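The numbers here are math on the coordinates, done by the rules we state, and not lab data. It should be emphasised that the depicted structure is a prediction, and the values quoted were computed from it without experimental measurement. All Cβ positions, glycine included, derive from the backbone under ideal geometry; neighbour counts span all protein chains shown.
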Amino acid sequence: MSHPITARLPDDIIKAIDEAVKSGVAANRGALISKAINEWLSKHSEDAIRESYRKRYASSNQSELELVTKLGLASAAMTISQTSS
């Protein structure tokens, strides 16, 4: 289902839209604008997902790395202490 939407756009954007339609990028203005909006939504949705994963796993990996480092240092200290005795 689609719905008509009215928008005011500057002359230079209308000219670019008309040129794109004329060159065959889309069948008409509405199709071109719909395609542009779908591409924008797709890209921004992907960016939001990537950012969410980056935030989630960047902080998690950092704390895990710190834990592994501390465990490694503790293990090394115990090994040194046992061999020194």
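Observations, loosely collected:
- Cα-based reach from LYS35 at 16 Å (exclusive), listing aspartates and glutamates while leaving out same-chain residues under 8 positions away: ASP18, GLU19
- Taking the C-alpha atoms only, the angle from helix 29-84 to the longest principal axis of the chain is near 0 degrees.
- Cβ-based net charge around ILE5, under 15 Å, with every Lys or Arg adding one and every Asp or Glu removing one: +3
- Longest to shortest principal axis, alpha-carbon extents of the chain, angstrom: 85, 26, 21
- Angle in degrees between helix 11-22 and the longest Cα principal axis of the chain, rounded to the nearest 10: 80 degrees
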